[in-house]
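Asker: For reference, the structure I am asking about is given below.
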Amino acid sequence: MLGAFWDAVGGKLADRWATVTAPALVFWLAGLAAWTRHRGGLHTLSEQTDWLDRQSPAVQTAAILTVLLAVLASGILVARGATPVLRLLEGYWPAWAGPLRRRLAGWLAARAATDQPAWQAAYARVRPPNTPTVDELAAYTRLERRRRRRPAAPGYFLPTPIGNILRAAERRPLDKYGLDTIILWPALPETTRADLLAARASLDAAVTTAVWGLLFCAFTPLTWLALPVGLAVAVGSVTLVVPARAQTFGDLVEAAYDQHRVLLYTQLRWPPPADPATERAEGARLTAYLWRGSDDTHPTFTPPPG
């Protein structure tokens, strides 16, 4: 029994070790390659390996453990920085950057406003009973994709595309159903929350890849190749991978509330809305109740399930 337990614990630790240390190990191996290139080639490593061969087994073990712990520590530090770096990429900047933040957010909101008439015209051409052409459908799809990556109101815009993707995802259940994604998060089913956490972990991994790319530029004094390689990894992650994974995370957040909103009402013993016309108002009342409480006598709680 205990053997199975320790096997399971060891497997989880191994998975966690691989998740944290794999990017760090790639980074340090690439740094080692830059150092050996600077020194003249792989044969320069023979000095270090020869020194290690001459040491006692205890010293060899200590040296290897020190290297592994250093790799693990660097991986943990960079992984811990994923959330604050993502906040910066979203546009949550210090107060002294407020003027720039407001200017960029206003510019993105203005660009979104110019797309609105084109989207309305494209939607009118593709909705039933019309039969759109391939070009009309492609134009509508492109405009709809851009629209979904932006908040619905100008006041909620952030100064970066990544921030607007996530802000739009956070706001969409509130705009449609009156349900706040943060307040109602604990009431979601455990499996759904696990899926969302996995998608968020994938997003964080993309952010840490960008950080590793920037850190790799520090090896530029050893080889000039470190600068273009590091910048390419960082820029590619920020402009392509992070937005794509943010969109995936946002779609999952929206789908979670689309699918489970009735379950939320049931678990909280709150009468579900009777029709779509009242759903947003009832969702807003439920959100306000969970946020601030209430001493109203309406609505009447429903009986507990079962």
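The values are calculated or read from the model by the stated rules, or taken from the named source; none is laboratory data. Note that the structure is predicted; figures quoted are calculated from it, not measured. Every residue, glycine as well, gets a Cβ built from its backbone with ideal geometry; the counts of neighbours run over all protein chains shown.
Residue by residue, here is whether (1) part of a helix (DSSP H, G or I); (2) aliphatic (A, V, I, L, M); (3) at pLDDT 90 or above; (4) under 16 Å from Leu252 (Cβ atoms) holds:
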residue: Arg171; (1), (2), (3), (4): yes, no, yes, yes
residue: Lys176; (1), (2), (3), (4): yes, no, yes, yes
residue: Asp195; (1), (2), (3), (4): yes, no, yes, yes
residue: Arg200; (1), (2), (3), (4): yes, no, yes, yes
residue: Leu203; (1), (2), (3), (4): yes, yes, yes, yes
residue: Val207; (1), (2), (3), (4): yes, yes, yes, no
residue: Trp212; (1), (2), (3), (4): yes, no, yes, no
residue: Phe216; (1), (2), (3), (4): yes, no, yes, no
residue: Thr223; (1), (2), (3), (4): no, no, no, no
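Asker: Right, next: Of Ala139, Ala121, Ala152, which residue is among the aliphatic types (A, V, I, L, M), without any contact (Cβ under 8 Å) to a residue 40 or more places away in the chain, more than 22 Å from Glu282 (Cα to Cα) and touching a helix residue (DSSP H, G or I) at 6+ places or on another chain (Cβ under 6 Å)?
Answerer: Values: Ala121 fails: touching a helix residue (DSSP H, G or I) at 6+ places or on another chain (Cβ under 6 Å); Ala152 fails: more than 22 Å from Glu282 (Cα to Cα).
Just a single option satisfies the conditions, and that option is Ala139.
Asker: So, Thr191, is that one surrounded by 15 or more Cβ atoms within 10 Å (Cβ to Cβ) and out of contact with any strand residue (DSSP E or B) (no Cβ under 7 Å at 6 or more places or on another chain) or not?
Answerer: When the stated conditions are applied, Thr191 does not pass them.
Asker: Still on this structure: Which residues, counting only those in region 270-306, are assigned to a helix (DSSP H, G or I) and touching a residue at least 12 places away in the same chain (Cβ under 8 Å)?
Answerer: Of the residues in region 270-306, the ones assigned to a helix (DSSP H, G or I) are 276-292.
Result: Glu279, Arg280, Ala281, Glu282, Gly283, Ala284, Arg285, Leu286, Thr287, Tyr289, Leu290, Trp291.
Asker: Kindly state which helices (runs of 4 or more DSSP H) lie completely within region 80-159 and contain at least 3 residues that are farther than 28 Å from Tyr177 by Cα and not aliphatic (A, V, I, L, M).
Answerer: In region 80-159, the matching helices (runs of 4 or more DSSP H) lie at 98-126.
Yes/no per residue for (1) under 22 Å from Leu86 (Cβ atoms); (2) touching a Phe, Trp or Tyr at 6+ places or on another chain (Cβ under 6 Å):
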{"residue": "Arg142", "(1), (2)": "no, no"}
{"residue": "Ala187", "(1), (2)": "no, no"}
{"residue": "Ala199", "(1), (2)": "yes, yes"}
{"residue": "Phe216", "(1), (2)": "yes, no"}
{"residue": "Trp224", "(1), (2)": "no, no"}
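Asker: Sort out which residues of region 248-269 are in a loop (DSSP other than H, G, I, E, B) and free of Cβ contacts under 8 Å to residues at least 60 places away in the same chain, and write them in order of number.
Answerer: Selection gives Arg269 alone.
Asker: Checking the structure you have, find out if any residue of region 238-254 is among the small types (Gly, Ala, Ser), at pLDDT 90 or above and within 22 Å of Asp175 (Cα to Cα). Walk me through how you get there before you give the answer.
Answerer: Of region 238-254, the ones among the small types (Gly, Ala, Ser) are 244, 246, 250.
If we keep only those that are at pLDDT 90 or above as well, we get 244, 246, 250.
Checking the rest, the ones that are also within 22 Å of Asp175 (Cα to Cα) come to 246, 250.
Checking region 238-254: at least one residue is among the small types (Gly, Ala, Ser), at pLDDT 90 or above and within 22 Å of Asp175 (Cα to Cα).
Asker: Any residue at all in region 92-104 that is under 27 Å from Thr208 (Cβ atoms) and under 20 Å from the mean Cα position of the chain (by Cα)?
Answerer: Among the residues of region 92-104, at least one is under 27 Å from Thr208 (Cβ atoms) and under 20 Å from the mean Cα position of the chain (by Cα), which makes the answer yes.
Asker: Report yes if Leu166 is part of a helix (DSSP H, G or I), aliphatic (A, V, I, L, M) and under 27 Å from Gly293 (Cβ atoms), otherwise no.
Answerer: Considered against the rule, which asks whether it is part of a helix (DSSP H, G or I), aliphatic (A, V, I, L, M) and under 27 Å from Gly293 (Cβ atoms), Leu166 comes out as no.
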